[in-house]
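The structure appears below as structure tokens.
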Amino acid sequence: MALAFKAWCRRLFGGAVYPPSNCYTGRRLGRQNARGAGGEAFAPGKTAGPFSSADGINESMKPSMRKQPEVSAYLLAAAVRHVKEAVLITTAELDLPGPEIVYVNEGFCRMTGYARDGLVGKTPRILQGPKTDRSELDRLRRQLSLGEPFDGEIVNYRNDGSEYVIEWYIVPLRNTAGEITHWMTSQRDVTESKVLERQLRYQGLHDHLTGLPNRILFMDRLEHALSLADRDPRLSAVLFVDLDNFKVVNDSLGHEAGDDLLVQVAERLGASVRSEDTVARFGGDEFGILLEGVPGARYVTDVAERIIERLRKTFILEGRELIITSSIGIVLAASSRDPARELLRKADLAMYEAKREGKVRLAGELLRKVDIAMYEAKREGKARYQMFDPGMNARALKRLGLESDLRQVLEREEFVVHYQPEVSLETGNVLGLEALVRWEHPERGLVPPSEFIPIAEDTGLIVDIGRWVLKEACAQVRRWQDRYPSDPPLQANVNLSAKQFHQPDLAGDVAEVLAETDLDPRNLVLEITENVVMEDAVVTLAILGALKSLGVGLAIDDFGTGYSSLAYLKRFPVDTLKIDGLFVAGLGESTKDEVIVAAVIGLAHGLGLTAIPEGVETAEQLQRLHEMGCDMAQGFYFSKPLPTEAVDALLRRNLLGGGSWRLRDPS
């Protein structure tokens, strides 16, 4: 109830408003004389009160009146009649069938849609309906039985059946003896403000794009579920769902398409769970799901599998078909001792693990745990779910420490580059060196690339690291060219990460490095993985064209593991296909692998490209590649990645004519 409205009521009616005693005949007005023949609120006559006539003003009380009490009563009646707020006066009965309406002003008729004749003599119960709060009516009766004013809020119904919300203020009217004879009610229609209030409340608790609950509402429901956990033998579970490579959709198709995808994903998630479960959008491409009262972990993993399968089905965006995958972190809660935020964090971490590894595991807890579980799912690959396990905390802390150290590693000069030779199968000579970054941590020792490269990619540090490797490799190979001249000159092979490949001025960066290191562009080969190349073939074509204009060589790495389009492959200005070691490992053992390797070598030669199989580890594999007409090869059979000192020894022997395809690590 607005304070201004209540103050107005008090000023107008006071605490004991009552017309002068000569305005009423004999006893308190009741059902027998509440109305006159003309429909007046009170029966007309020389003793009628200020609310007697149909318009609410007695003719005997016009301004010609000379007595001050009569003038005051007239003014009061006029004010009540013309005020915008609805005013209702009833008799004072509280027992059933309830009080009787003896007066309503025009504002009340406008608000309810009833004519005065349809109200006077009736009980206010005719305004009640299905949504009228019975507990509010009970509170009203208790308050009035004590003779005290009442204020509140309730839903009533108009004459046409439509509902509306009122704020009402009720005061007792007493006679000169102090007895309550009537109740006077002032009412204000607050339906619009309540609708706006509900809208604002809804907007504050829901995602504006999908209409799903947001993180605030999700956390509230989760905390409520946890508060019941000790009394319910069933479990609650939180799932943290993250779309894989959603940024690619935004970057390639635009944000409107991305929003459309999120709306469709929200619909599929809702269709994957029960009506009593909660699906929320936390922001970006992250969704949370709360499953309450589930029988066990098997039920939860079934839901996760159902979600993954639903999201795998084709999406239609702007007339294009799109297939996406998702990673899901899961954590279970069986006790109110599990803090909601902690459970969400763990579910998020489990999701990351699923993305990182690409495996399916089970374990348990909840919200921080859900966050952890989601990252585990991402770490394990695409379209995975991951249940939280306590070991994820340790991995998360280790990752956090590595990330902190990684941000300073360039300044501390802890990175080094190792080089793995690419060998000619015809001469056995080293023709190129693939640059591979290594981290010599002062406390942890040599940190494997598999541990820090994913962190560098997630944080964006991979761009600066990649630029440093490019410059270091070009400078070092240029020094080796001077020290160990050969024909053709030694080549530097440098990998470009996805983020580095999509940097706006990549070609400018490469040109600057070549100029600074004085390396001939023809002696630099930039390697890009097949998946990166095929993310957006049109964009890739433009980037490769800009790089090729510098005169550098271009290679597609891990060829055979992605989804290359031959139509685009023939248009890409690439020079080399590097065959993934997964296929090379099967040479001599798998007929299918032999067919694939032979086909890729034939495809490369047919397009005028060089084929370089990776992962060669045995003499038998090398022999088969030679028989297939392969040009070059790379792998541990020749050498593991070597520090610069060991490469010096290798190149020195190469210069002295010691080249052989059986060349092994000189160290």
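The values are calculated or read from the model by the stated rules, or taken from the named source; none is laboratory data. Here the structure is a predicted model, which means the values were calculated and not measured. Cβ coordinates were reconstructed from backbone atoms using ideal geometry, including for glycine residues, and neighbour counts include every protein chain displayed. Side chains are part of the model used for accessible areas, which takes the heavy atoms of the whole protein and leaves out ligands, DNA and RNA. Shrake-Rupley method; radii C 1.70, N 1.55, O 1.52, S 1.80 Å.
Remarks
- Hits in segment 200-241 - residues which are without any contact (Cβ under 8 Å) to a residue 60 or more places away in the chain and assigned to a helix (DSSP H, G or I): LEU200, ARG201, TYR202, GLN203, GLY204, LEU205, ILE216, ASP220, HIS224, ARG231
- Within segment 456-471, residues that are without any contact (Cβ under 8 Å) to a residue 60 or more places away in the chain sit with their Cβ atoms under 6 Å from residues that are in a helix (DSSP H, G or I) and polar (S, T, N, Q), at 6+ positions apart or across chains, in these pairs: VAL463/GLN500; GLY466/GLN500.
- Qualifying residue in segment 309-330 (condition: more than 25 Å from VAL249 (Cα to Cα), modelled with pLDDT of 75 or more and of a type in the set (A, V, I, L, M)): yes
- Scanning segment 479-530 for residues that are within 22 Å of ASP557 (Cβ to Cβ) and open to solvent by 70 Å² or more (accessible area, probe 1.4 Å) yields PRO488, LYS499, HIS502, ARG522.
- Checked against the criterion of being open to solvent by less than 30 Å² (accessible area, probe 1.4 Å), within 22 Å of HIS208 (Cα to Cα) and touching a Gly at 6+ places or on another chain (Cβ under 9 Å), the candidates LEU239, LEU261, LEU269, LEU311 yield just one match: LEU239.
- Note on segment 258-297: residues that are part of a helix (DSSP H, G or I) and modelled with pLDDT of 90 or more amount to 14.
- Filtering segment 181-198 to residues that are basic (Lys, Arg) and open to solvent by 70 Å² or more (accessible area, probe 1.4 Å) leaves ARG188, ARG198.
- Failed condition for GLY147, given (1) small (Gly, Ala, Ser); (2) under 13 Å from MET184 (Cα atoms); (3) touching a Ser or Thr at 6+ places or on another chain (Cβ under 8 Å): (3)
- Taking the criterion of being surrounded by 14 or more Cβ atoms within 10 Å (Cβ to Cβ) and assigned to a helix (DSSP H, G or I), the residues of segment 110-135 that qualify are MET111, THR112, ARG116, GLY118, PRO124, ILE126, LEU127.
- Residue selection: ARG345 satisfies the criterion of being over 30 Å from PHE501 (Cβ atoms) and touching an Asp or Glu at 6+ places or on another chain (Cβ under 8 Å).
- When the helices (runs of 4 or more DSSP H) confined to segment 448-567 are screened for residues that are among the aliphatic types (A, V, I, L, M) and within 26 Å of LEU400 (Cα to Cα), those reaching at least 1 such residues are found at 449-459, 462-483, 498-501.
- Any hit, segment 508-530, residues being modelled with pLDDT under 90 and touching a Phe, Trp or Tyr at 6+ places or on another chain (Cβ under 7 Å): yes
- Residue in segment 148-180 that is most open to solvent (accessible area, probe 1.4 Å), counting only those that are under 21 Å from GLY118 (Cβ atoms) and assigned to a loop (DSSP other than H, G, I, E, B): ASP160
- Failed criterion for LEU541 (all others in (1) closer than 15 Å to LEU436 by Cβ; (2) in contact with a Phe, Trp or Tyr (Cβ under 9 Å, 6 or more places away or on another chain); (3) open to solvent by 40 Å² or more (accessible area, probe 1.4 Å); (4) not charged (D, E, K, R) hold): (1)
- Of all residues assigned to segment 473-481, none qualifies as being farther than 30 Å from ARG653 by Cα and not small (Gly, Ala, Ser).
- Listed here are the helices (runs of 4 or more DSSP H) enclosed by segment 337-427 that have at least 1 residues being at pLDDT 70 or above: 340-357, 391-406, 409-412.
- Flag for LEU550 being open to solvent by 40 Å² or more (accessible area, probe 1.4 Å) and in contact with a strand residue (DSSP E or B) (Cβ under 9 Å, 6 or more places away or on another chain): yes
- Within segment 78-109, the set of residues being in a strand (DSSP E or B) and farther than 21 Å from GLU179 by Cβ comprises ALA86, VAL87, VAL104.
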